[in-house]
Amino acid sequence: MRKKVDERIRTLIENGVKARHRSMFVVIGDKSRDQIVNLHYMLSKSVVKSRPSVLWCYKDKLELSRDSERILGNTFGMCILQDFEALTPNLLARTIETVEGGGLIVLLLRSLSSLTSLYTMVMDVHERFRTESHSQAAGRFNERFLLSLASCKACIVMDDELNILPISSHMKSITQLPVREDSEGLSEAERELKNLKEQLNDDFPAGPLIRKCCTMDQGKAVITFLDAILDKTLRSTVALLAARGRGKSAALGLAIAGAVAAGYSNIFVTAPSPENLKTLFDFVCKGFDMLEYKEHLDYDVVKSTNPDLKKATVRINIYKQHRQTIQYIQPHEHEKLSQVELLVVDEAAAIPLPVVRSLLGPYLVFLSSTVNGYEGTGRSLSLKLLQQLEEQNQISSRSAETAVSGRLFKKIELSESIRYTSGDPIESWLNALLCLDVATSIPNISRLPPPSECDLYYVNRDTLFSYHKDSELFLQRMMALYVASHYKNSPNDLQLMADAPAHHLFVLLGPVDESKNHLPDILCVIQISFEGQISRKSSIKSLSSGHQPSGDQIPWKFCQQFGDTVFPSLSGARIVRIATHPNAMRLGYGSAAVELLTRYFEGQLTQISELDVEDVPENPEVRVIEAAEKASLLEENIKPRSDLPPLLVPLCERKPEKLHYLGVSFGLTIDLFRFWRRHNFAPFFISPSPSSVTGEHTCMILKPLNNDDIESSGSEQLGFFNHFYQVFRKKFTEYLSGRFRQMEYKLAMSILDPKLNFSDVDDPSPSSIEYIKFVIENQVSDDAMYHFEAYTNNLDDYQMTEGFGNKLAEAYFGEKIPVTLSYAQASVLLCIGLQGKAISCIEFILKTFLATEFPTKTSVYLSFYENIVTENFAIVLDEVGEAADIVFIYESHEEVLQIPMEPHPISVEEDLNDAVKQVKDDMKSKLDGTLNPDLLQQYAILDKEAEFENALQNSGAKVLSGGLFSVKSNRNKNDKHGKEIEKQKSEKKRNKHDNSSKSNKRRKS
């Protein structure tokens, strides 16, 4: 039987084709698949070009998510999502993103007696959310998804006979759109792009590459990249920011092709995984095609042989001009960038900020980052790194000196989508549903109260995901803090927050003014997951099989590390995330939230009278049967629930769960570790190998809570966990010479947290003495002891102490040798004794700590190390009795610096005056000796005055105006000749002395 189709369906399809916007249809019923042909026919009649291609997604033996990765980068005219229970937020976003403007998204649902039955539908992903003690998953995400369909302007919900349901009542007033094209069938944006291509047609390499651009934004981005490439100063950093589907990777690929044409030889590309670079390398090859490069003649593409990477491209070798290479490297391999000319970092937001910083250097750098989208990640890149680069660029532009040598920074933002035009209603709906665009609207904080005035509140998830207006605003603000933090985010995290039975949310708020009708500012968000309460039988089974079930990360890892089957039965909470507002970083709000959470689970915030009050369950059962009896699908009107509890609950009004510990699992960095260590968390596991993406080791830490169920020593801060912590410290000390040999000494010192001050200990304990005796007698050879003792007496080189130095360091960090050392001394002992590093490591440490006191000479560093081992060795020998007669006198660097400085009895001025007086006296005594008449007599004229006058008269000489005249001497020739002979002899002696001194100098040289 033929039936006329509702005109609103045809109008929605035609309007989408005219505006290049996508449309969505939700078809409910067992015969919903039969309507796919009709919808495809209506779309084909509206589209002028060829028949639209179809992507049909359904659940088969393989998981849908595994096959969905194949469609990335492809474009379809129609997408059909068949099995609703197999959908996840990631899959929803990934598949919808492949539909072009004017295309259709069709969601097929089986027969439902009521739309509200979606609230209790069991989703496939719920299996991963269940644990042994928390097995009831909620359907909050489905409830919010269904309610959001009513607000989507381009969505129609209908049954399998194409009858529009009341939830799509907003479609009553839909009208046809006018055509917005010129005589050539081009929109305004398409006309601008065509003019740009014609303008650059004769430019090389810009002209051929611009012809592959699809939007004006993408064309401008490629031109900016090429300008930096052709500048060839290698001092530019260009950052490209955009949402998903804007053509970032394509623009980077075209720019790399332009760099090859410009003669760049060494180009490196990095991303979290080479699979992320599929589109980039595809467009590098398309750029080569436009530049008339031929594969196998001018270039070769090298695929990965790793089966996990699915034959992803890892290198392109080019031979046309000269040897050129485009090489993929992992993000943490920054040491390979010594010869790089151009570095391209794709999806930089998915790489930890310290790793991105280590990649930057004196070469051309292109950064690409997703602002939001289904693979959007932490915004720490754009919030911190790009802000710093902009500030440095402004400073260098103001200074004339650095304007020439400083780095240039440019930022490009893409707003136009490749597949559809701006203003697409499906994009707006999807962004709001999955909180994809919250990064651009992080709320400002009106006031930063002191942390002591802030309170922690429990967030009711039923109200948070109810799709009320205020609840939606609060949810968007919470997700904005997640995205602004260092965490990697994905839409699936939203479903985990909503449906996982073990997960709970807390927010730190300032003082709330109830008279003002607005939501308070969120200073900090904490997401926790309850773990533990695992039966002993399950623990033994897991240990014997080596298989760890999903969830309960800390109990299973603890059980695996220590073989303890009792710990998994304890109840605990793992802090999954803690995110502070970006404008309130390092102000103590995160610490305040952790302290309040600890006090809450220890029962310090809840009044005694309220401990026995029964809590209202967070997710009361939805009575679907009653709702179905009241109305059919064609009459049912879906609205947000009204009988909801308050969104925020003060902790003093909620009964806390009974927990034995708090735990955290995170990527190990020194800042994060020190933060948790300040709150008395202690580690029990560090992964032996770092992550291939982040380069960080996974670290798990614990903090025991005060609980009456477990007896522990009151003097031990870590309670029952102290024994396991000491076992971990011993293992970690041994691993420092192997798997953790390259770990930074500051981080290793923070993990070991050794006791450095033993001033309260007079003598080693008997157990310490027995331990040292055992080590010397059983683990250290006589030869090693001999060399160590010889080194302390300056009779051997420090390299000869390795045999005993390692055992000595292990004993010290195990608190077996009660010697007080400074932090610098302990760091030196760790680097040389435990990690086996060279003396250059000591140089670095001492330059850091003692640069103002010590000159930078290797001999000083060696003497510093010698002082350390001398003091330790003296203690060892004295206590063990191996050499009781040896006494070492040692003053540490601190003791030298603490010598009392007394004023000199004579002032500087008096001292200088005395010295001046002494010099004058010496000069006077010398002068008096030179003016002695007896000494001057040798220069007297021998003739008498009468004879002198007579000589003047006889010679007839006249006195000239100058008063000078000459007379002949009366000396005989023999006297003159004798004096000449004496003069010649003295000259010969002087020449002989000079020649002998010169020969001596030659011998010395």
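Restricting to the range 152-200, what's the tally of residues that are modelled with pLDDT of 80 or more, of a type in the set (Ser, Thr, Tyr) and surrounded by 14 or more Cβ atoms within 10 Å (Cβ to Cβ)? Residues meeting the conditions: 1. A search for C-beta distances below 8 Å between a residue of the range 294-310 that is under 28 Å from Lys320 (Cβ atoms) and open to solvent by 50 Å² or more (accessible area, probe 1.4 Å) and any residue that is of a type outside the set (Phe, Trp, Tyr) and part of a helix (DSSP H, G or I), counting only pairs 6+ apart in sequence or on different chains, returns Glu295/Cys285.
Quick one: would you say Leu241 is under 27 Å from Glu198 (Cα atoms), in a strand (DSSP E or B), of a type outside the set (Phe, Trp, Tyr) and open to solvent by 10 Å² or more (accessible area, probe 1.4 Å)? Here the answer is yes, as Leu241 does meet what is asked. Checked against (1) part of a strand (DSSP E or B); (2) open to solvent by less than 30 Å² (accessible area, probe 1.4 Å); (3) not acidic (Asp, Glu), Arg315 meets all criteria but (2).
You will find that of Lys311, Lys336, the residue that is farther than 27 Å from Lys410 by Cβ, touching a strand residue (DSSP E or B) at 6+ places or on another chain (Cβ under 6 Å) and modelled with pLDDT under 90 is Lys311 and no other. Against the test of being open to solvent by less than 70 Å² (accessible area, probe 1.4 Å), at pLDDT below 85 and more than 32 Å from the chain's Cα centre (by Cα), the options Ser550, Ser542, Ser515 yield a single qualifying residue, Ser542. Modelled with pLDDT under 90, assigned to a loop (DSSP other than H, G, I, E, B), touching a Phe, Trp or Tyr at 6+ places or on another chain (Cβ under 7 Å) and not charged (D, E, K, R) - does that describe any residue in the range 103-115? The answer is no; no qualifying residue exists.
Applying the set (1) free of Cβ contacts under 8 Å to residues at least 24 places away in the same chain; (2) open to solvent by 30 Å² or more (accessible area, probe 1.4 Å) to Ile210 leaves exactly one unmet item: (2).
Where helices (runs of 4 or more DSSP H) fall wholly inside the range 1-100, the ranges with 1 or more residues that are at pLDDT 85 or above, open to solvent by less than 80 Å² (accessible area, probe 1.4 Å) and in contact with a Pro (Cβ under 7 Å, 6 or more places away or on another chain) are 36-46, 89-96.
Counting the residues of the range 592-610 that are assigned to a helix (DSSP H, G or I) and more than 19 Å from Pro704 (Cβ to Cβ) gives 5. Which condition does Ser571 not pass, out of (1) under 28 Å from the mean Cα position of the chain (by Cα); (2) closer than 25 Å to Asn460 by Cα, if it passes all the others? So the condition that Ser571 fails would be (1). Between Lys232, Lys278, the distinction of being touching a residue at least 12 places away in the same chain (Cβ under 8 Å), over 18 Å from Glu341 (Cα atoms), open to solvent by 50 Å² or more (accessible area, probe 1.4 Å) and of a type in the set (D, E, K, R) belongs to Lys278 only. Across the range 122-151, the number of residues qualifying as hydrophobic (A, V, I, L, M, F, W, C) and open to solvent by 20 Å² or more (accessible area, probe 1.4 Å) comes to 4. Restricting attention to the range 601-609, does a residue exist that is at pLDDT below 70, out of contact with any Cys (no Cβ under 9 Å at 6 or more places or on another chain) and exposed (fewer than 13 other Cβ atoms within 10 Å of the Cβ)? Within the range 601-609, one or more residues are at pLDDT below 70, out of contact with any Cys (no Cβ under 9 Å at 6 or more places or on another chain) and exposed (fewer than 13 other Cβ atoms within 10 Å of the Cβ).
Here Ser452 meets the list (1) of a type in the set (Gly, Ala, Ser); (2) open to solvent by 10 Å² or more (accessible area, probe 1.4 Å); (3) in contact with a Pro (Cβ under 9 Å, 6 or more places away or on another chain) almost entirely, failing just condition (3).
The values are calculated or read from the model by the stated rules, or taken from the named source; none is laboratory data. As the structure is a prediction and not an experimental result, all values here were calculated from the model. In this analysis, Cβ positions are derived from the backbone assuming ideal geometry, glycine residues included, and neighbour counts consider all displayed protein chains. Quick note on the areas: whole protein, heavy atoms, side chains included, nothing else; ligands and nucleic acids left out. Shrake-Rupley method; radii C 1.70, N 1.55, O 1.52, S 1.80 Å.
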